[in-house]
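**Student:** Provided herewith is a single structure, encoded as structure tokens, for subsequent inquiry.
The values are calculated or read from the model by the stated rules, or taken from the named source; none is laboratory data. Only a predicted model underlies this, so the values are computations on that prediction, with no experimental measurement involved. Every residue, glycine as well, gets a Cβ built from its backbone with ideal geometry; the counts of neighbours run over all protein chains shown.
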Amino acid sequence: MHTVYGVGIRKGGQGKSTTVSTLARLCALYGARVLVVDLAQPGSTSASLRDLWPETEHADLASVLLAWRALPPGATPDAKQAGELLGESGLPVDLTSQPSWSGGCIRLLPWDDVLGDAAAFLQSERVLKGFIDALSKDTDITLIDFPAESGPLLVTALAATDKVIIPLAPEAPSLEGVDAMLRLMSRVRSAGHPIELAGILMTRCDPKNRRVFDIWQTLMQADEVEGEILSRKVLPFAVRQVEFYEQAFRYGDPIWERTGNPSHWAAYVLLTEWLLRDAGLDERAIIRRGPAILPPETRILDLSALVLDDPEIPLADFERAHLPKSHR
Ligand SMILES: Nc1ncnc2c1ncn2[C@@H]1O[C@H](COP(=O)(O)OP(=O)(O)O)[C@@H](O)[C@H]1O
Ligand SMILES: [Mg+2]
């Protein structure tokens, strides 16, 4: 089984690319075979994975998409032909596997500057879906970094996606970005493509900032929005605002090589395990390795503890409170 997750919100700067690149590394560390599709300007996800890039030649994803510009609306490219074309183009780029991944891998369809223009020439919105399908037998999980702006590239991304993860930073305009994303998904559903909300992840949270609580409360108290009960989809842990994430794409290496404090990335470990289970890869979620091994006292920002003086609680307590026994 293979699930395609889109990470998206109709607003920039919410931690989409940081989430995709960190999740991809962690999923690989759990032994999963990950396909990353970077459709978000200016290619921060691709840049954030730079330490893993091999020296290889490859064509642009845009030129590969354009090979199917004559495909009529609604049609999907033939999987065999799509696979061959990718192979000839040197795509996806096989990132350098790490010994600790034990069978996991990351393959990347990298961002390029003309992707938006290329998508505008396509008649079928299912061209990217054809490529992802062609790679599916060697993929456990696909992560797409969605464009923040509307347009044909986003339409193409949505047509390839099963489930959406919405990251949002605690700022009032982010809620509009969530609304707009859910509206768009609802339109895609009405057009016959079953796309679902997987989860809402709060990112860049400073536990001392009152707005974190306000935004969380707004989400928890929202009525049904576009067919989604948001309170059931908000993940219970939040990613902390940490200086080591700032401009992560400039460093091109993982956060755990820039700081030794596991509290800084622990929420992404929990997100990875949640995602692997959501994707039906439960057996992968069990074995923590390398930077995913968190000491039980690692502090987790627990959103339901925001009313307390200190909402950061030890991992062991967090897992007791939020995870079923079988998942601890
Ligand atoms: N948890 C975090 N703490 C601090 N800065 C962050 C965090 N997550 C992301 N950032 C920074 O915020 C900016 C926006 O994040 P990014 O992942 O690029 O968002 P998006 O892809 O949604 O535009 C980047 O400079 C990034 O390095
Ligand atoms: Mg981005």
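Residue by residue, here is whether (1) in contact with a helix residue (DSSP H, G or I) (Cβ under 8 Å, 6 or more places away or on another chain); (2) within 26 Å of residue 131 (Cβ to Cβ) holds:
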position: 147; (1), (2): yes, yes
position: 156; (1), (2): yes, yes
position: 176; (1), (2): no, no
position: 189; (1), (2): no, yes
position: 209; (1), (2): no, no
position: 230; (1), (2): yes, no
position: 233; (1), (2): no, no
position: 238; (1), (2): yes, no
position: 248; (1), (2): yes, no
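**Student:** In addition: For residue 318, only one of the following conditions fails: (1) free of Cβ contacts under 8 Å to residues at least 40 places away in the same chain; (2) surrounded by 14 or more Cβ atoms within 10 Å (Cβ to Cβ). What is its number?
**Tutor:** (1)
**Student:** Would you pick out the residues in segment 270-302 that are in contact with a strand residue (DSSP E or B) (Cβ under 8 Å, 6 or more places away or on another chain) and over 30 Å from residue 1 (Cβ atoms)?
**Tutor:** Across segment 270-302, the qualifying residues are 296, 297, 298, 299, 301, 302.
**Student:** Test residue 66 against the criterion of being surrounded by fewer than 20 Cβ atoms within 10 Å (Cβ to Cβ) and within 16 Å of residue 153 (Cα to Cα), and give yes or no.
**Tutor:** yes
**Student:** What do you reckon, is residue 42 more than 16 Å from ligand 2 (Cβ to nearest atom) and either in a strand (DSSP E or B) or at negative phi (or both)?
**Tutor:** Here the answer is no, as residue 42 does not meet what is asked.
**Student:** Quickly run through segment 8-17 and pick out the residues that are near ligand 1 (Cβ under 6 Å from one of its atoms) and buried (at least 24 other Cβ atoms within 10 Å of the Cβ).
**Tutor:** 14, 16, 17
**Student:** Looking at segment 226-241, which of its residues are hydrophobic (A, V, I, L, M, F, W, C) and either touching a Phe, Trp or Tyr at 6+ places or on another chain (Cβ under 8 Å) or buried (at least 20 other Cβ atoms within 10 Å of the Cβ) (or both)?
**Tutor:** Those that are hydrophobic (A, V, I, L, M, F, W, C) and either touching a Phe, Trp or Tyr at 6+ places or on another chain (Cβ under 8 Å) or buried (at least 20 other Cβ atoms within 10 Å of the Cβ) (or both): 230, 234, 235, 237, 238, 239.
For every residue, the table says whether it meets (1) part of a helix (DSSP H, G or I); (2) touching a Pro at 6+ places or on another chain (Cβ under 9 Å).
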{"position": "19", "(1), (2)": "yes, yes"}
{"position": "23", "(1), (2)": "yes, no"}
{"position": "27", "(1), (2)": "yes, no"}
{"position": "35", "(1), (2)": "no, yes"}
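**Student:** Name the residue, out of 103, 83, 74, that is surrounded by fewer than 22 Cβ atoms within 10 Å (Cβ to Cβ) and part of a helix (DSSP H, G or I).
**Tutor:** Exactly one of 103, 83, 74 is surrounded by fewer than 22 Cβ atoms within 10 Å (Cβ to Cβ) and part of a helix (DSSP H, G or I), namely 83.
**Student:** Hey, residue 249 hits all of (1) part of a helix (DSSP H, G or I); (2) within 16 Å of ligand 2 (Cβ to nearest atom); (3) buried (at least 20 other Cβ atoms within 10 Å of the Cβ) but one; which does it fall short on?
**Tutor:** (3) is the only condition that residue 249 fails.
**Student:** Restricting to segment 142-173, give me the number of residues that are at pLDDT 95 or above and within 16 Å of ligand 2 (Cβ to nearest atom).
**Tutor:** Counting residues in segment 142-173 that are at pLDDT 95 or above and within 16 Å of ligand 2 (Cβ to nearest atom) gives 14.
**Student:** Given the criterion aliphatic (A, V, I, L, M) and within 16 Å of ligand 2 (Cβ to nearest atom), identify the matching residue among 37, 4.
**Tutor:** None of the other options fit; the residue is 37.
**Student:** Note down all Cβ pairs under 6 Å where the first residue falls in segment 219-245 and is hydrophobic (A, V, I, L, M, F, W, C), the second is away from ligand 2 (no atom under 16 Å from the Cβ) and part of a strand (DSSP E or B), and they're at least six residues apart or on different chains.
**Tutor:** If the second residue must be away from ligand 2 (no atom under 16 Å from the Cβ) and part of a strand (DSSP E or B), the pairs left are 219/234; 234/200; 235/199; 237/300; 238/202; 238/205; 238/301.
**Student:** Restricting to segment 139-174, name every residue that is in a strand (DSSP E or B), more than 16 Å from ligand 1 (Cβ to nearest atom) and buried (at least 23 other Cβ atoms within 10 Å of the Cβ).
**Tutor:** 141, 142
**Student:** A further question follows. If I filter segment 63-73 for residues that are closer than 30 Å to residue 274 by Cβ and either within 16 Å of ligand 1 (Cβ to nearest atom) or at pLDDT 95 or above (or both), do I get at least one hit?
**Tutor:** So far as segment 63-73 goes, no, none of its residues is closer than 30 Å to residue 274 by Cβ and either within 16 Å of ligand 1 (Cβ to nearest atom) or at pLDDT 95 or above (or both).
**Student:** Could you figure out which of (1) touching a Ser or Thr at 6+ places or on another chain (Cβ under 9 Å); (2) of a type outside the set (Asp, Glu); (3) in a helix (DSSP H, G or I); (4) closer than 21 Å to residue 208 by Cβ isn't true of residue 271?
**Tutor:** Of everything listed in (1) touching a Ser or Thr at 6+ places or on another chain (Cβ under 9 Å); (2) of a type outside the set (Asp, Glu); (3) in a helix (DSSP H, G or I); (4) closer than 21 Å to residue 208 by Cβ, residue 271 misses just condition (4).
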